[in-house]
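The values are calculated or read from the model by the stated rules, or taken from the named source; none is laboratory data. Nothing here was measured: the structure is a model prediction, and the numbers come from that model. Here Cβ is always computed from backbone atoms with ideal geometry, including for glycine, and neighbour counts include all displayed protein chains.
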Amino acid sequence: MQIVKVDSSKLFRAFLDVPKHIYTDDPEYVPHIRQEIQRILWDNKMHNEVGLWLLFNNNQAVGRIAAFVNKGNKGGLGFFECVNNQEGAHQLFDIGIQWLQSKGLPIVEAPVNCGERDKFWGLMVKGFKKPSYQENYNPPYYEDFFKSFGFEIMIRQSTQEISPDRFNEKKISVLAKKVDNNPNLTIRHIDKRNLHKYTADFAAVYNAAWKQHEHFVALSKEKVLKLMKSLKPVMREDLIWFTYDKDKPVAFYVSIIEVNEIFKYLNGNLNWFGKLKFLYFKSRIPITKIRGLVFGVVPTHQGLGITSGMMMKVFELFKTDKHLKTSELAWIGDFNPRMLQLLDSIGAVEIKQHITYQKKI
């Protein structure tokens with residue numbers, strides 16, 4: 001097997017095509033959108049921030065890997081794919097780590113994204129069914145590749161699922177009444193026409209609510225606005241809720257529709273024709289699942305029933321939208337036991353698990 005550096009558009013197209021070879025016979029697989037991967041990897045590569053390599057066997061690309069420098073001066077390996085061949089997988093790990101060592105980095109995390117943790121992060125080790133949008137999905141045998149190379153577990157990420165028949169409505173409604181009985185608190189969903197306001201509100205709440213966590217990275221309003229705009233085509237106003245103390249934002253709960261229910265018909269390509277197909281299927285495919293991305297409450301307002309109040313707002317959607325069946329709550333790290341306990345108390349169950357590995361280099 002031969003390692004080849006990706007240094008041309010032709011080779012990058014081959015990089016994007018590797019999953020087609022890996023998942024040919026996997027009915028669960030939904031391709032990531034090519035244009036999104038290109039924005040993350042190829043555009044950054046032009047600034048010498050990313051290294052990309054392919055693994056060839058008899059002129060066929062059978063593996064790939066990306067290496068990059070992440071925040072906190074940490075190395076990252078991601079977008080890894082490989083046929084079931086340990087030697088080939090280790091060759092890919094080796095070349096990526098050599099590149100990171102040349103940058104003077106002491107630690108590598110894998111498999112991770114070049115940038116934010118909310119997408120393409122962690123190795124799936126449980127729940128190999130119905131992968132969600134921008135969620136890493138991989139064959140089970142990848143876990144052996146990472147273990148045999150000496151990677152150690154850094155974070156376990158849980159994905160939980162809740163459905164109306166399991167939702168502990170009685171308990172949550174009692175807690176939510178604390179908000180109803182507080183004249184200063186109001187819960188309302190966003191208005192797409194005023195994204196700049198909710199961008200500022202989100203950044204303020206997020207930075208206050210999450211700053212005590214070890215892995216916290218502050219969000220700027222500019223970054224949040226970029227995220228909001230990217231979500232706009234799949235955004236439902238009644239899936240994004242904010243809580244206010246008078247006019248001050250103190251909490252949010254952000255969900256989106258599970259767009260992989262649509263993207264599975266696009267073959268991973270959102271070019272002009274793919275966009276037309278997206279609009280066509282969006283108008284005809286009944287969405288059955290929503291995906292909770294993140295929620296937070298500022299420390300001064302925790303314990304006031306706000307989380308329960310926002311959960312009730314989302315639960316009420318299931319009573320009015322006959323197509324919705326479940327809500328998936330993603331990326332709950334094992335460093336956040338309070339959140340895991342909360343989800344268990346409302347009737348959520350773990351359906352997927354991802355692992356973030358690390359290794360001293």
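Below, the figures for the structure above:
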{"read-out": "Residues that are aliphatic (A, V, I, L, M), part of a helix (DSSP H, G or I) and free of Cβ contacts under 8 Å to residues at least 60 places away in the same chain, drawn from the stretch 175-203", "value": "L195, A200, A203"}
{"read-out": "Candidates S345, S308 - the one that is more than 20 Å from the chain's Cα centre (by Cα) and not assigned by TED's automatic domain parsing to the domain that holds K211", "value": "S345"}
{"read-out": "Check on E49, more than 25 Å from the chain's Cα centre (by Cα) and either closer than 23 Å to F273 by Cβ or not assigned by TED's automatic domain parsing to the domain that holds F263 (or both)", "value": "no"}
{"read-out": "Within the stretch 260-305, tally of residues that are surrounded by 19 or more Cβ atoms within 10 Å (Cβ to Cβ) and either in a loop (DSSP other than H, G, I, E, B) or among the polar types (S, T, N, Q) (or both)", "value": "6"}
{"read-out": "Selected residue (criterion: farthest from K275 (Cα to Cα)) from residues of the stretch 2-32 that are surrounded by 13 or more Cβ atoms within 10 Å (Cβ to Cβ) and in contact with a Phe, Trp or Tyr (Cβ under 7 Å, 6 or more places away or on another chain)", "value": "I3"}
{"read-out": "D165 being in contact (Cβ under 8 Å) with a residue 24 or more places away in the chain and acidic (D, E)", "value": "no"}
{"read-out": "Some residue of the stretch 244-254 being of a type in the set (S, T, Y), surrounded by 14 or more Cβ atoms within 10 Å (Cβ to Cβ), at pLDDT 95 or above and touching a His at 6+ places or on another chain (Cβ under 9 Å)", "value": "no"}
{"read-out": "Complete set of residues in the stretch 197-236 that are at pLDDT 90 or above and not hydrophobic (A, V, I, L, M, F, W, C)", "value": "K197, Y198, T199, D201, Y206, N207, R236"}
{"read-out": "Every residue from the stretch 321-361 that is assigned to a loop (DSSP other than H, G, I, E, B) and either under 28 Å from I285 (Cβ atoms) or at pLDDT 90 or above (or both)", "value": "D321, K322, H323, L324, K325, D334, G347, A348"}
{"read-out": "Residues within the stretch 336-354 that are under 19 Å from M154 (Cβ atoms) and either surrounded by fewer than 13 Cβ atoms within 10 Å (Cβ to Cβ) or in contact with a helix residue (DSSP H, G or I) (Cβ under 9 Å, 6 or more places away or on another chain) (or both), tallied", "value": "2"}
{"read-out": "Looking only at the stretch 240-287, and only at residues there that are in contact with a strand residue (DSSP E or B) (Cβ under 7 Å, 6 or more places away or on another chain) and of a type in the set (S, T, Y), the one that is nearest to Q212 (Cα to Cα)", "value": "Y253"}
{"read-out": "Neighbours by Cβ (under 8 Å, 6+ apart or cross-chain): first from the stretch 148-160, basic (K, R); second outside any strand (DSSP E or B) and modelled with pLDDT under 95", "value": "R156/D334"}
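The rows are residues; the columns are (1) assigned by TED's automatic domain parsing to the domain that holds L54; (2) within 21 Å of V30 (Cα to Cα).
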{"residue": "N84", "(1), (2)": "yes, yes"}
{"residue": "Q91", "(1), (2)": "yes, no"}
{"residue": "W99", "(1), (2)": "yes, no"}
{"residue": "V108", "(1), (2)": "yes, no"}
{"residue": "P140", "(1), (2)": "yes, yes"}
{"residue": "E152", "(1), (2)": "yes, no"}
{"residue": "L175", "(1), (2)": "no, no"}
{"residue": "P183", "(1), (2)": "no, no"}
